[in-house]
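Visitor: Please see the structure below; I have some questions.
The values are calculated or read from the model by the stated rules, or taken from the named source; none is laboratory data. On a predicted model such as this, the values are computed, not experimentally measured, just so you know. Here the Cβ positions follow ideal geometry from the backbone for every residue, glycine too, while neighbour counts run over all protein chains shown. What goes into the accessible areas is simple: the full protein's heavy atoms, side chains included, and nothing from ligands, DNA or RNA. Shrake-Rupley method; radii C 1.70, N 1.55, O 1.52, S 1.80 Å.
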Number of protein chains: 2
Amino acid sequence: MGRNRATLADVAQRAGLSKTAASMVLNGREGTRLSAEAHQRVFAAAEELGYRPNLAARSLRTRKTATIAFVSDIVATTRFAGDLIRGALDAARERDHVLLITETQGDATFEQYAIEAVLDRQVDGVIYAAMATRRLTVPAAILGGPVVLLNATSPDGLPSVVPDDEGAGRSVATALLELGHRDAIALIGRNRLKEDDPEVSLAASARLHGIRQTLDEAKVGLLAECFCTEWLPEHGYAAMRSLLGKPKRPSAIICMNDRLAFGAYQALGEAGLTVPEDISVISFDDDPIAAWLRPSLATTALPHEQMGRRAVELLLDGGAAEPALVPMPLRRRRSLAPPAG
Amino acid sequence: MGRNRATLADVAQRAGLSKTAASMVLNGREGTRLSAEAHQRVFAAAEELGYRPNLAARSLRTRKTATIAFVSDIVATTRFAGDLIRGALDAARERDHVLLITETQGDATFEQYAIEAVLDRQVDGVIYAAMATRRLTVPAAILGGPVVLLNATSPDGLPSVVPDDEGAGRSVATALLELGHRDAIALIGRNRLKEDDPEVSLAASARLHGIRQTLDEAKVGLLAECFCTEWLPEHGYAAMRSLLGKPKRPSAIICMNDRLAFGAYQALGEAGLTVPEDISVISFDDDPIAAWLRPSLATTALPHEQMGRRAVELLLDGGAAEPALVPMPLRRRRSLAPPAG
DNA sequence: AGTGGTCGCTAAACTGATTTAGCAGAGCAT
DNA sequence: ATGCTCTGCTAAATCAGTTTAGCGACCACT
């Protein structure tokens, strides 16, 4: 790769100047007393030779690599990872940086390995990303330099970027209240583990809190709350079926994520009920299926691209120590209507 | 990042030997005549100091960075990108390499920039990935070193890795024939653009070819073929509705991808038909929704993780020039049954 | 005694950049 | 003529490794 690239020495020689002069000119150093003509010659030579600096050599001296490590627990399993990475990639490019991506798969050995691999390559900083919003403790090895937590917080008070799940909970509840839903709102997706253990999830309790707070202020209580062991379609399906077996039918359903809502749709379809005429549904995440469902599903979007971007900005430009909350926009879609009757 | 790391000189000094000796011992060089005791001392010193080599310095001399560039057109839009990356990441780790990931967004300027950025960092090779299987021409700049095309082929005969879509077409058709479906098989997702322009898609024509070939051999013709401008749920929905409006109802549907099948499910549900009792459905891709649908959708899986892995293997271990075809496994699920009656 | 070979190790060159320290010449005042 | 500053530029050190060339001690053989 990149055999016979022109070096700085080649440029200097062609320009009839020293490496020093060439280096200074190409780096646009202020206060050097090199003549305008010298500048010309260096630029011309660099252009003619197609000179590009060898960043390995440069970084040996400057201890800057213009490279950021993106270390995450699991890249592939959730479709959101791509957006996180894309946002980071964009912001990095704008700042002339590049991303070294590694995955730990939640395995301590792999993590150790991944971190050594990136530190050996002298990265300028580390973005430590979790695929589910949660609290975690970062490995001591990366604390030697700048670190930003992405989609996670840590007890050490490191800079971090997380979605505003509580705000999303408020948006969701508010949307239903505004439509006139009152005492027949049911919730699908309560989960003790996710709610109580911040190392499993921060989203569950924040969303729940936002919903409760808004409903409380309106003096509205939830009609029913269904617990689910996981947030997958089958659990949403089961929960919805159990809700429909009860005497009072809900006018609206809040699902803790879109996959649950997808399952709920299936149960509603089987029961011959239509969304939103019979029941409104609203949810969290804005998974691509939300837009594909019939009717399209109203939800609050995880702003993953924004978050990836913010993480890079925080890392390179510095920033506040308290977690950066990125708002989750409400996507109003067809699954919402005023309560029937 | 990584301030005050021990250097090779530190290790050598502590071991009471020269840098040369330390370097040779740590690199496990054969044929050096250093004593067993010298080996001991170097290893001990390295261990005690927590020595890790500075790869920037090493690569300056060796012109190897143990880093691979993963350049793709679009990382985020398809959920499959993650699997491609994950497979590549795994294979790279096994070979002590790391991935530098960039995205071109299909924009020539970004592409130019991305390629310069990775070449400046002296990567050992480039994986050039497309998110939809297609033919493309690679930028001349990366031809100076090893290149592997991932999910793409090129006219230049570069090594490449693509899914075996034709084989998948055969699997799909065979699965239906084996169940007894004959002359009432309909196809959803014909698309002239995708079929005729290899720079748009290679999958469409290969899948179609595999299906046709298998049906022809069994002397079976397609009942109907629906054209779709895109392969999205809404198009599958519309196509399915039009099929149901015709006099003869199909016994089985082949959808060119899972999103079309998802739309077809919606139309079938609305029409009060059940899968697979009334109509079998089979498809391509193995999108996560395929397993979430009720009934779960039989489909042929895009082996993205395998492909990412193969690309790294081809790049580092070398390999044949003809495209590596990665098989697409058939996922037999609940949407298949013998024809009714 | 001289020659040659092996053993165990090291000095120094080299990679391609940045950066520090300083040199030669011009202009000017004394 | 001397000392001073300013201008325009360069030599050499430096970063942290790898690699080439070779040195001194010891032994064996003729």
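Visitor: Does any residue of the range A:93-100 turn out to be farther than 25 Å from B:ALA92 by Cα and outside the structural domain of A:GLY16 (by TED's automatic domain parsing)? Break it down into steps so the answer makes sense when it comes.
Guide: Within the range A:93-100, the first condition is being farther than 25 Å from B:ALA92 by Cα, and the residues that meet it are A:94-95.
Checking the rest, the ones that are also outside the structural domain of A:GLY16 (by TED's automatic domain parsing) come to A:94-95.
Within the range A:93-100, one or more residues are farther than 25 Å from B:ALA92 by Cα and outside the structural domain of A:GLY16 (by TED's automatic domain parsing).
Visitor: Hey, another quick one. List every residue pair whose Cβ atoms sit under 6 Å apart, with the two residues 6 or more apart in sequence or on different chains, where the first one lies in the range B:198-209 and is in the same structural domain as B:SER171 (by TED's automatic domain parsing) and at negative phi and the second, anywhere, is part of a helix (DSSP H, G or I) and open to solvent by 10 Å² or more (accessible area, probe 1.4 Å).
Guide: B:VAL200/B:LEU193; B:VAL200/B:LYS194; B:SER201/B:LYS194; B:ALA204/B:LYS194; B:ALA204/B:GLU195; B:SER205/B:GLU195; B:ALA206/B:GLU166; B:HIS209/B:GLU166
Visitor: Based on this model, can you work out whether A:ARG58 counts as near DNA strand D (Cβ under 9 Å from one of its atoms) and under 30 Å from A:GLU116 (Cβ atoms)?
Guide: In short, yes.
Visitor: Could you pull out the residue among B:PRO339, B:PRO247 that is in the same structural domain as B:LEU202 (by TED's automatic domain parsing) and surrounded by fewer than 24 Cβ atoms within 10 Å (Cβ to Cβ)?
Guide: Step by step, each of B:PRO339, B:PRO247 is checked, and only B:PRO247 is in the same structural domain as B:LEU202 (by TED's automatic domain parsing) and surrounded by fewer than 24 Cβ atoms within 10 Å (Cβ to Cβ).
Visitor: Within the range B:63-86, can one find any residue that is of a type in the set (Val, Ile, Thr), assigned to a helix (DSSP H, G or I) and over 39 Å from the mean Cα position of the chain (by Cα)?
Guide: In the first step, residues of the range B:63-86 are kept if they are of a type in the set (Val, Ile, Thr); the result is B:65, B:67-68, B:71, B:74-75, B:77-78, B:85.
When the remaining residues are screened for being assigned to a helix (DSSP H, G or I), the result is B:85.
Pick out the ones that are also over 39 Å from the mean Cα position of the chain (by Cα) and you get none.
For the range B:63-86, residues of a type in the set (Val, Ile, Thr), assigned to a helix (DSSP H, G or I) and over 39 Å from the mean Cα position of the chain (by Cα): absent.
Visitor: Residues in the range B:181-202: is at least one within 28 Å of A:ALA56 (Cα to Cα) and surrounded by 24 or more Cβ atoms within 10 Å (Cβ to Cβ)? Spell out the reasoning first.
Guide: Filtering the range B:181-202 down to residues within 28 Å of A:ALA56 (Cα to Cα) leaves none.
Scanning the range B:181-202 turns up no residue that is within 28 Å of A:ALA56 (Cα to Cα) and surrounded by 24 or more Cβ atoms within 10 Å (Cβ to Cβ).
Visitor: Would you confirm, using the coordinates I've provided, whether A:PRO288 is in the same structural domain as A:ARG182 (by TED's automatic domain parsing), of a type outside the set (D, E, K, R), open to solvent by 30 Å² or more (accessible area, probe 1.4 Å) and closer than 30 Å to A:ILE68 by Cβ?
Guide: The answer is yes for A:PRO288.
Visitor: On to the next question. Please work out if A:ALA173 is within 14 Å of A:PHE284 (Cβ to Cβ), in contact with an Asp or Glu (Cβ under 7 Å, 6 or more places away or on another chain) and modelled with pLDDT of 95 or more.
Guide: No.
Visitor: A:THR300 versus (1) touching a strand residue (DSSP E or B) at 6+ places or on another chain (Cβ under 6 Å); (2) part of a loop (DSSP other than H, G, I, E, B): which is the lone unmet condition?
Guide: Result: A:THR300 fails condition (2) only.
Visitor: Do the conditions hold for B:SER23, that is, is it within 12 Å of DNA strand C (Cβ to nearest atom), closer than 26 Å to A:VAL123 by Cα, more than 13 Å from every other protein chain (Cβ to nearest Cβ) and hydroxyl-bearing (Ser, Thr, Tyr)?
Guide: yes
Visitor: I've got another one for you. May I ask you to list the residues in the range B:260-285 that are at pLDDT below 95 and either in a strand (DSSP E or B) or among the acidic types (Asp, Glu) (or both)?
Guide: B:GLU270
Visitor: Going by what's in this entry, would B:VAL42 be described as outside the structural domain of B:LEU149 (by TED's automatic domain parsing), more than 9 Å from DNA strand C (Cβ to nearest atom) and hydrophobic (A, V, I, L, M, F, W, C)?
Guide: Here the answer is yes, as B:VAL42 does meet what is asked.
Visitor: Would you say A:ALA46 is away from DNA strand D (no atom under 16 Å from the Cβ) and on the phi < 0 side of the Ramachandran plot?
Guide: Considered against the rule, which asks whether it is away from DNA strand D (no atom under 16 Å from the Cβ) and on the phi < 0 side of the Ramachandran plot, A:ALA46 comes out as no.
Visitor: Identify all residues within the range A:133-152 that are within 12 Å of chain B (Cβ to nearest Cβ) and assigned to a strand (DSSP E or B); write none if there are none.
Guide: Within the range A:133-152, A:VAL147 is the sole residue that qualifies.
Visitor: Could you please find all residues in the range B:157-166 being more than 30 Å from B:LEU336 (Cα to Cα), in contact with a Leu (Cβ under 8 Å, 6 or more places away or on another chain) and assigned to a loop (DSSP other than H, G, I, E, B)? Quick ask: steps written out before the conclusion?
Guide: Step one: filter the range B:157-166 for residues more than 30 Å from B:LEU336 (Cα to Cα), giving B:157-161.
So of that shortlist, the ones also in contact with a Leu (Cβ under 8 Å, 6 or more places away or on another chain) come out as B:158-161.
The answer is B:LEU158, B:PRO159.
Visitor: Continuing with the same structure: Of the residues B:LEU100, B:LEU89, B:LEU84, which single one is open to solvent by 10 Å² or more (accessible area, probe 1.4 Å), within 14 Å of chain A (Cβ to nearest Cβ), touching a residue at least 12 places away in the same chain (Cβ under 8 Å) and away from DNA strand D (no atom under 15 Å from the Cβ)? Spell out the reasoning first.
Guide: Details: B:LEU100 fails: open to solvent by 10 Å² or more (accessible area, probe 1.4 Å); B:LEU84 fails: open to solvent by 10 Å² or more (accessible area, probe 1.4 Å).
Testing whether each residue is open to solvent by 10 Å² or more (accessible area, probe 1.4 Å), within 14 Å of chain A (Cβ to nearest Cβ), touching a residue at least 12 places away in the same chain (Cβ under 8 Å) and away from DNA strand D (no atom under 15 Å from the Cβ) leaves just B:LEU89.
Visitor: Continuing with the same structure: I want to confirm something. Restricting to the range A:3-20 and keeping residues that are in contact (Cβ under 8 Å) with a residue 40 or more places away in the chain and closer than 19 Å to B:VAL123 by Cα, which single residue is least open to solvent (accessible area, probe 1.4 Å)?
Guide: Once the filter is applied, the top-ranked residue is A:ALA6.
Visitor: It is to be established whether one or more residues within the range A:146-153 are open to solvent by 10 Å² or more (accessible area, probe 1.4 Å), small (Gly, Ala, Ser), free of Cβ contacts under 8 Å to residues at least 60 places away in the same chain and closer than 18 Å to A:PRO323 by Cβ.
Guide: No; the residues of the range A:146-153 include none that is open to solvent by 10 Å² or more (accessible area, probe 1.4 Å), small (Gly, Ala, Ser), free of Cβ contacts under 8 Å to residues at least 60 places away in the same chain and closer than 18 Å to A:PRO323 by Cβ.
Visitor: Please pick out the residue among B:ARG58, B:ARG63, B:ARG29 that is over 29 Å from A:PRO146 (Cα atoms), open to solvent by 70 Å² or more (accessible area, probe 1.4 Å) and without any contact (Cβ under 8 Å) to a residue 60 or more places away in the chain. Break it down stepwise before answering.
Guide: Values: B:ARG58 fails: over 29 Å from A:PRO146 (Cα atoms); B:ARG63 fails: over 29 Å from A:PRO146 (Cα atoms).
From the options B:ARG58, B:ARG63, B:ARG29, the qualifying one is B:ARG29.
Visitor: Could you run through the range B:103-132 and say how many residues are under 21 Å from A:GLY87 (Cα atoms), open to solvent by 20 Å² or more (accessible area, probe 1.4 Å), at the interface with chain A (Cβ under 9 Å from one of its Cβ atoms) and over 20 Å from the mean Cα position of the chain (by Cα)?
Guide: Qualifying residue count, the range B:103-132: 3.
Visitor: Of the residues A:GLY269, A:GLY308, only one is in contact with a Gly (Cβ under 7 Å, 6 or more places away or on another chain) and without any contact (Cβ under 8 Å) to a residue 24 or more places away in the chain; which?
Guide: Numbers: A:GLY308 fails: without any contact (Cβ under 8 Å) to a residue 24 or more places away in the chain.
Answer to the check: A:GLY269.
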